[in-house]
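The structure appears right after this line, and notes come after that.
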Amino acid sequence: MTRPPSTWLVFANALLATVGALLLAGCRQDMHDQPRFEPFEQSSSFADGRSARAQVTGTIARGQLQLDTFLYTGKVGDVAGTVFPFAITRSVLERGRERFEICCAPCHGLSGTADGIVVQRGFRVPPSLHLPRLREAPPGHFVDVAREGFGTMYDQRERVGARDRWAIAAYIRVLQLSRNAKLEDVPAGERRKLMEEAK
């Protein structure tokens, strides 16, 4: 014959069941399934059925006020700019070299001869930056191409800022000049040093 359970055991089991039920009721998926819209998801909140809202007319997002169109586009009207919008110093060239090696060299190669690692792995060969048509292109052309993309090259506007695009254009000019330089292009003092070293 079994003994009936004691009152405290019945109470303990009831308490345990109540606590368990309360804990399970607290397990919700709100943090996992947050009430938010996915991109392009339909919404009944707005008359047009779209969850994404158009930018308010006349507003400009922070960091997107681009009053100096020449600096940002490399163009004057529809024509590529032939001058730089700021002085080109050694530090600008160093910055251009750094950005070129990060953003451009994978395809164009470190010397601009279109032999970057991407090309070596079988992807499409870009034009060499030493082609006559590109040596004669104004610096604004390179800024425009970096901003808008060209052919299979995608645009770099989100990766490379406006001033850096101009710094890269300046560094491309340095690459082009170094590849096609003559001894007469070297300053007289440096030319004497080169002649002495050659002896």
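The values are calculated or read from the model by the stated rules, or taken from the named source; none is laboratory data. None of these values were measured; they are calculated from a predicted model. Cβ sites come from the backbone with ideal geometry, for glycine too, and all protein chains shown count toward neighbours.
Would you call VAL56 modelled with pLDDT of 80 or more and either in a helix (DSSP H, G or I) or basic (Lys, Arg) (or both)?
When the stated conditions are applied, VAL56 does not pass them.
Out of the residues in the stretch 120-144 that are in a loop (DSSP other than H, G, I, E, B) and of a type in the set (Lys, Arg), state the one that is farthest from THR73 (Cα to Cα).
Checked the stretch 120-144; the qualifying residue farthest from THR73 (Cα to Cα) is ARG121.
Kindly check whether there is at least one residue in the stretch 148-171 that is within 22 Å of the chain's Cα centre (by Cα), within 15 Å of ARG99 (Cα to Cα) and among the β-branched types (Val, Ile, Thr).
Yes.
State which residue is surrounded by the fewest Cβ atoms within 10 Å (Cβ to Cβ) when the search covers only the stretch 67-91 and only residues that are at negative phi and under 19 Å from the mean Cα position of the chain (by Cα).
Per the criteria, the residue is LEU71.
Assigned to a loop (DSSP other than H, G, I, E, B), modelled with pLDDT under 75, surrounded by 10 or more Cβ atoms within 10 Å (Cβ to Cβ) and out of contact with any strand residue (DSSP E or B) (no Cβ under 6 Å at 6 or more places or on another chain): is that true of PRO35 in this structure?
Answer is no for this residue.
Which of the residues spanning the stretch 61-78 are closer than 10 Å to ASP144 by Cα and either touching a Cys at 6+ places or on another chain (Cβ under 7 Å) or among the hydroxyl-bearing types (Ser, Thr, Tyr) (or both)?
Listed by number, the residues that qualify are TYR72, THR73.
So which residues in the stretch 98-132 are surrounded by 16 or more Cβ atoms within 10 Å (Cβ to Cβ) and among the basic types (Lys, Arg)?
ARG99
Cβ-Cβ under 6 Å, sequence separation 6+ or interchain: first residue in the stretch 54-70 and of a type outside the set (Phe, Trp, Tyr), partner modelled with pLDDT of 80 or more. Which pairs?
Correct list of pairs: GLN66/TYR72.
Are any of the residues in the stretch 166-183 touching a residue at least 24 places away in the same chain (Cβ under 8 Å), assigned to a helix (DSSP H, G or I), among the hydrophobic types (A, V, I, L, M, F, W, C) and in contact with a Cys (Cβ under 7 Å, 6 or more places away or on another chain)? Step through it out loud before you land on a result.
Here is the first cut: in the stretch 166-183, the ones touching a residue at least 24 places away in the same chain (Cβ under 8 Å) are 166-176, 179-180.
Keeping just the survivors that are assigned to a helix (DSSP H, G or I) gives 166-176, 179-180.
Still in the list and also among the hydrophobic types (A, V, I, L, M, F, W, C): 166-170, 172, 174-175.
Pick out the ones that are also in contact with a Cys (Cβ under 7 Å, 6 or more places away or on another chain) and you get 168.
Checked against the condition, which is being touching a residue at least 24 places away in the same chain (Cβ under 8 Å), assigned to a helix (DSSP H, G or I), among the hydrophobic types (A, V, I, L, M, F, W, C) and in contact with a Cys (Cβ under 7 Å, 6 or more places away or on another chain), the stretch 166-183 yields at least one hit.
Residue by residue through the stretch 133-192, note down the ones that are touching a Gly at 6+ places or on another chain (Cβ under 6 Å) and surrounded by 20 or more Cβ atoms within 10 Å (Cβ to Cβ).
Listed by number, the residues that qualify are GLY140, VAL143, ASP144, ALA167, ILE168, ALA170, TYR171, LEU175.
Among (1) in a helix (DSSP H, G or I); (2) under 30 Å from ASP68 (Cα atoms), there is one condition ASP155 misses while meeting the rest; what is its number?
Among (1) in a helix (DSSP H, G or I); (2) under 30 Å from ASP68 (Cα atoms), ASP155 violates only (1).
Check the stretch 116-138 and report whether any residue there is among the polar types (S, T, N, Q) and over 19 Å from the mean Cα position of the chain (by Cα).
Looking through the stretch 116-138, at least one residue is among the polar types (S, T, N, Q) and over 19 Å from the mean Cα position of the chain (by Cα).
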